[in-house]
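Written out below as structure tokens is the structure these notes cover.
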């Protein structure tokens with residue numbers, strides 16, 4: 001699987017990062033269960049499909065994307081032994097490429113992750 005090509009295709013096929021976050025939240029929540037946390041727009045009584053933040057834990061990393069005004073801030077946090085070592089801010093394309101690379105590793109031993117990865121890369125979110 002060419003992750004650079006897949007990343008480019010995912011970013012090109014989505015109109016903006018907000019749509020990408022919605023798609024990732026939908027696909028990864030089922031595959032990774034409680035390792036995915038999604039915070040949605042809206043209040044207690046008004047539920048929205050819009051994603052305010054998405055956090056995905058794979059291996060010793062936490063991939064986080066947060067919507068801030070008109071921008072999306074993407075970070076990768078590194079943990080060892082349950083302790084956060086560092087968090088680095090990365091551009092969205094690098095964040096997505098790293099997330100896909102970790103998801104690919106996870107997919108080697110996890111059927112649900114493999115199906116989510118296939119759906120992401122083959123346009124199954126539409």
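The values are calculated or read from the model by the stated rules, or taken from the named source; none is laboratory data. Given the structure is predicted, the values throughout are model-derived calculations rather than measurements. As a convention, Cβ positions derive from the backbone with ideal geometry for all residues, glycine included, and neighbour counts pool all protein chains shown.
Odds and ends about this structure:
- For the stretch 81-92, filtered to residues that are within 19 Å of residue 20 (Cα to Cα) and surrounded by fewer than 15 Cβ atoms within 10 Å (Cβ to Cβ), the residue that is modelled with the highest pLDDT is 89.
Yes/no matrix, rows are residues, columns are (1) modelled with pLDDT of 90 or more; (2) in contact with a helix residue (DSSP H, G or I) (Cβ under 6 Å, 6 or more places away or on another chain); (3) surrounded by 16 or more Cβ atoms within 10 Å (Cβ to Cβ); (4) part of a loop (DSSP other than H, G, I, E, B):
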| residue | (1), (2), (3), (4) |
| --- | --- |
| 32 | no, no, yes, no |
| 37 | yes, no, no, no |
| 45 | no, no, no, yes |
| 48 | no, no, no, yes |
| 53 | yes, no, yes, no |
| 66 | yes, no, yes, no |
| 74 | yes, yes, yes, no |
| 79 | no, no, no, no |
| 96 | no, yes, yes, no |
